[in-house]
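Okay, structure first, notes after.
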Amino acid sequence: MLISELATRCHATPKGGDLNRNIHAAADIMSARHDQVTVLSSGKYRKFLQDSLAAACFISEALIDDDVPPGLTLLVCDDPEISFIEAVKALHPEPHLKRQVSEHAVLADTATLGFDCHVGAFSTVGQFSSVGDSSTIEANVHIGHHVAIGRHCRIHPNVVIYDHAVIGDHVIIHAGAVIGADGFGYKFRDNQHVKVPHVGNVVIEDHVEIGANTCIDRGALGSTRIGWGSKIDNLVQLGHNNVVGKNVIVCGQCGISGSCEIGDGAVLAGSVGVADHVKIGSRAVVMARSGVSADIEPGAQMWGSPAKDRKIAWRELAALAKLPELIQRIKALELRIGKSEE
């Protein structure tokens, strides 16, 4: 694609360089070559622009200076990161594969497929389940009974979707995820664990993305719900009856116990653990490897185990680093006091 075409497509104003130069790919600013486009989104990476071999660079007006390599075209725009994402989509389109229902797929006689669906080899679709228009079911996917999958979804290989799950439009579920397994609920009676039946389901709203090998348990009686636009990373465990709001981010290796509420726009960083029946407020941020055992107010930033306000936690950590020095001072004072008493 010509630089001039790319600029028009990504709503950028080109400055300098050869607008008739061809761009073949996108790359980061440290490795971009002469036929690639890159992006400068932060001043801390400006030093890499000076030696860049890229043909073009998305940049905001505020980051432009005089130290630009000769021949580099600046693609000036309001939001370089979003414009660069559009460029990546344009230069690296998904391969256009033949869409079909494989002869090796097994569809129940009461299952229904919408227009232009793709079902890969060895996938199964259960009784009274439906798949919406233009959705893609990759190979070796199991879809249970009474499952509803919306339009333009993509279910990657080896996903298992249990009975009665409801999945909205434009949902992506990556390989190995399990949606709707029984929650981890038992009652200890007569020296044995008695299993609590789980007869609820999982509801996933539109534009949600579920990472690889993530497990989302069904509700015990009601629904486990994932709100519109939320993104859940790989290797996340989401327990039964959780209610996740809109545009929530849950990073890898988080474990969320049952019956929790996570407010709209909240962020759980990597390896956060959440106890059961906890409420995390809207736009709260829980930093990596924190342990949450109590409710969190909206907009709070928490860290540590047990999680507490990050400023308090950091002050405690700073004080803890001084502990060896303080112990030595106390010992010295005790020695001086002892000598005075003698």
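None of the figures in this text is laboratory data; all of them are computed from the coordinates on show. What you see is a predicted model; the values in this text were computed from it and never measured. A quick note on method: Cβ atoms are made from the backbone with ideal geometry, for glycine too, and the neighbour counts reach across all protein chains shown.
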Measure of compaction for the range 10-160 (Cα Rg per 2.2 N^0.38 Å): 1.52
Pairs from Lys47/Lys246; Lys47/Lys89; Lys279/Lys311; Lys187/Lys279; Lys231/Lys308; Lys311/Lys331 whose Cα-Cα separation, in the structure shown, is over 32 Å: Lys47/Lys246
For the chain, the longest stretch holding no trypsin sites (Lys or Arg not before Pro) located in a DSSP loop with at most 10 other Cβ atoms within 10 Å is which? 99-321
So the pair-distance distribution of the range 159-306, from every Cα-Cα distance in 5 Å bins, comes to percents of 2, 11, 20, 25, 19, 13, 7, 3, 1, 0
Can you tell me how the range 98-249 classifies by the Cα gyration tensor, rounded, prolate or oblate, using a/c under 1.5 as the rounded cut? prolate
Largest first and in whole Å, give the semi-axes of the chain's equivalent ellipsoid, each being the square root of 5 times a Cα gyration tensor eigenvalue. 42, 40, 15
Please state the charge dipole magnitude for the chain, taken about the Cα centre, from unit charges on C-beta atoms (+1 on K and R, -1 on D and E), reported in debye and rounded to the nearest 20. 920
Projected onto the charge dipole of the range 3-91 (+1 at Lys/Arg Cβ, -1 at Asp/Glu Cβ, origin at the Cα centre), which of Ile85, Ile23, Gln50 gives the Cα projection farthest towards the positive end? Ile23
To the nearest 20 debye, what is the magnitude of the charge dipole of the range 159-306 about its Cα centre, counting +1 on the Cβ of each Lys and Arg and -1 on the Cβ of each Asp and Glu? 280
Expressed as a whole-number percentage, the relative contact order of the chain with C-alpha contacts under 8 angstrom and at least six residues apart is 6
